[in-house]
Amino acid sequence: MTIALGAFFNALGILLGALFGLVRRETIPARMEVIGRGVLGAATIFFGLRLVYENLGGTFLSALKQLGLVVLSLVLGNALGRLLKLQKLSNSLGRVAARAMAAADGKDPLPASAGFNACAILFCAAPLGWVGAVVDGLSGYFYLLAIKGVMDGLAMTGFVKMFRWPCALSAVPVFVVFNATSFACHIFVAPFLNARGLTAPVHAAAGLVTCAVALVIFQLRKIELANYLPALVLAPLLAAAFR
């Protein structure tokens, strides 16, 4: 495995979004944005729940126990994420991108690197990207990064008008970062987890985190998604401890 499909689709979505934004001068109508958000949210829930369903096995009580441990890993992972201030780190990176966007609304022209840096930081810092890269590396489940590619592509249609075409090159660091993450998980982590039968808890936890992303897409609730990333590590540890 040298190229992760998820990272490829994420980068491709950014490039297609930039191309669409350059060709189409008008902004996307509000009605289309609402429809697009609904489709994206539904797809996120579907592929998240599918990931959970496919990784809970055995009898009903056994699956219920597995699900309980996964939920516990999310609770403890959130507490650990708060302790490590993961969301604060993600927010600080987001503010860097926000300042560049605010400056783009001014009269003074920005250097080409400003848009590139803002988009690269924004796209690489997204929690769904890290969750998707891990899952893709462990089992080739690329759908989460493909969904993120659609999200990033829609965002890029506006960014390319704001920062001009160089911001589309942010697809390169996005591909490099997430492809490297997936490759590292495939080479170093997957053999260890597969040998001990602990891959399923990671996938189930990733599926529930993905479902939480849908709540953000639908603007139903503001969730500190970055704080839940430690759950991907805690899920297999809890599964091993309570066998």
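Things to note:
- Every pair of residues 6+ apart whose Cβ atoms lie under 6 Å, when the first sits in region 11-36 and is at negative phi while the second is surrounded by 11 or more Cβ atoms within 10 Å (Cβ to Cβ) and among the hydroxyl-bearing types (Ser, Thr, Tyr): 17/157; 20/157; 21/157
- On the stretch given as region 131-147, residues that are buried (at least 24 other Cβ atoms within 10 Å of the Cβ), under 18 Å from residue 52 (Cβ atoms) and not β-branched (Val, Ile, Thr) total 4.
- Test: residue in region 216-231 that is farther than 23 Å from residue 10 by Cβ and buried (at least 20 other Cβ atoms within 10 Å of the Cβ): no
- Hits in region 46-59 - residues which are part of a helix (DSSP H, G or I) and surrounded by fewer than 18 Cβ atoms within 10 Å (Cβ to Cβ): 46, 49, 50, 53, 54
- Residue check, residue 3 under 25 Å from residue 183 (Cα atoms), in contact (Cβ under 8 Å) with a residue 24 or more places away in the chain and outside any helix (DSSP H, G or I): yes
Listed here are the residues, each with its yes/no results for (1) surrounded by 13 or more Cβ atoms within 10 Å (Cβ to Cβ); (2) assigned to a helix (DSSP H, G or I); (3) among the aliphatic types (A, V, I, L, M).
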site: 27; (1), (2), (3): no, no, no
site: 33; (1), (2), (3): no, yes, no
site: 42; (1), (2), (3): yes, yes, yes
site: 61; (1), (2), (3): no, yes, yes
site: 70; (1), (2), (3): yes, yes, yes
site: 87; (1), (2), (3): yes, yes, no
site: 99; (1), (2), (3): no, yes, no
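- Conditions (1) closer than 19 Å to residue 96 by Cα; (2) surrounded by 18 or more Cβ atoms within 10 Å (Cβ to Cβ); (3) modelled with pLDDT under 95: number failed by residue 157: (1)
- Helices (runs of 4 or more DSSP H) fully within region 179-241 counting 1 or more residues that are touching a residue at least 24 places away in the same chain (Cβ under 8 Å), in contact with a Leu (Cβ under 9 Å, 6 or more places away or on another chain) and hydroxyl-bearing (Ser, Thr, Tyr): 199-217
- Against the conditions (1) at pLDDT below 80; (2) hydrophobic (A, V, I, L, M, F, W, C); (3) in contact with a Ser or Thr (Cβ under 7 Å, 6 or more places away or on another chain), residue 125 satisfies every one except (1).
- Candidates 51, 67, 56, 76 - the one that is closer than 28 Å to residue 224 by Cα, hydrophobic (A, V, I, L, M, F, W, C) and in contact with a His (Cβ under 7 Å, 6 or more places away or on another chain): 51
- When the test is whether a residue is within 19 Å of residue 86 (Cβ to Cβ), modelled with pLDDT of 95 or more and either surrounded by fewer than 20 Cβ atoms within 10 Å (Cβ to Cβ) or in contact with a strand residue (DSSP E or B) (Cβ under 9 Å, 6 or more places away or on another chain) (or both), residue 189 does not pass it.
- Every listed requirement among (1) part of a helix (DSSP H, G or I); (2) under 25 Å from residue 233 (Cβ atoms) is met by residue 162 save one, (2).
- Among residues of region 15-63, those that are within 21 Å of the chain's Cα centre (by Cα), under 27 Å from residue 169 (Cα atoms) and modelled with pLDDT of 90 or more, counted: 9
- Filter result for the condition that a residue is at pLDDT 95 or above, crowded, with 21+ Cβ neighbours inside 10 Å, on the phi < 0 side of the Ramachandran plot and not charged (D, E, K, R), over 178, 163: 178
- Number of residues in region 179-216 that are small (Gly, Ala, Ser) and within 13 Å of residue 144 (Cβ to Cβ) equals 6.
The values are calculated or read from the model by the stated rules, or taken from the named source; none is laboratory data. Keep in mind that this is a model prediction, so the values were computed, not measured. We place every Cβ from the backbone using ideal geometry, glycine too, and count neighbours over all the protein chains shown.
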